[in-house]
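Just so you know, all these numbers are worked out from the coordinates, no wet-lab data involved. All figures in this text were calculated on a predicted structure; none of them were measured in a lab. Cβ placement follows ideal geometry from the backbone for every residue including glycine, while neighbour counts extend to all protein chains displayed.
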Amino acid sequence: MKPVSRLLLLALLPIAGLTRADTAATTPEARLAALGLSLPTPAPVVANYVPAVRSGNLVFLAGQIPRSADGKVITGKVPTTLSEEQAQAAARTCGLQLLAALKAEIGDLGKVRRIVRVGGFIQSTDTFTQQPKVLNGCSDLLVAVFGERGRHARAAVGVNALPAGAVVEVEMIVEVAD
């Protein structure tokens, strides 16, 4: 199966199928497993930055570009070379990568008090205006994993180019328990 096809399947997972009882009764990792998802190994840093910075109870996570299971960057421009749905799946992949980086920083996703903000950059044509729908791939994942604590402020911005030709890049700020 092609990496983009696998991502498209992830985008179609029935995330909304979790009940309130499921959300209240399980850990974030258990919710991920119930969705058939697992956290990837965090990608190595390739420039002069760190994947996460903690300041007080806030963790600022560096932008993640989507990588397929074999580590290749998912590239393209919406809607010319990738569909809105494929880009949404790539945004979900960024969300999983952000959660992996967060877990590496804090040790336990159960420490998350709230997802505060998500910022998404979508490589798209000048006439494409559905960037918020693309970023829903990440936002819907966060709500499925954290329930109300996953609801967040956000910005979805269309851009001409991203590092390595990535279709999306997503960054996040999280409030965590001491």
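Of the DSSP H helices in the chain, those with a Cα length along their own long axis of 24 Å or more and a mean Kyte-Doolittle hydropathy reaching -1.0 comprise 84-106. Within the shell of other residues whose beta carbon sits under 9 angstrom from the beta carbon of residue 160, the net charge comes to 0, with Lys and Arg scored +1 and Asp and Glu -1. Potential lengthening of the chain between residue 68 and residue 38 amounts to 9.5 nm, from the contour at 0.36 nm per residue minus the alpha-carbon distance.
Only aspartates and glutamates eight or more places from residue 77 in sequence, or on another chain, were considered; those with a Cα closer than 16 Å are 85, 126, 169.
With a sphere of radius 15 Å drawn around the Cβ of residue 117, what net charge do the other residues whose Cβ falls strictly inside it have (Lys, Arg +1; Asp, Glu -1)? Neighbourhood net charge equals +2.
Residue 42 sits among other residues whose Cβ lies under 14 Å from its own Cβ, and their net charge, with Lys and Arg +1 and Asp and Glu -1, is +1.
For segment 153-165, putting each phi into the Karplus relation 6.51 cos²θ - 1.76 cosθ + 1.60 with θ = phi - 60° gives couplings of 7, 7, 9, 10, 10, x, 10, 7, 8, 9, x, 6, x Hz, in residue order, rounded to whole numbers and with x for Gly and Pro.
Dimensions of the chain based on its C-alpha atoms, expressed as ranges along the principal axes with the largest first, amount to 43, 39, 30 Å.
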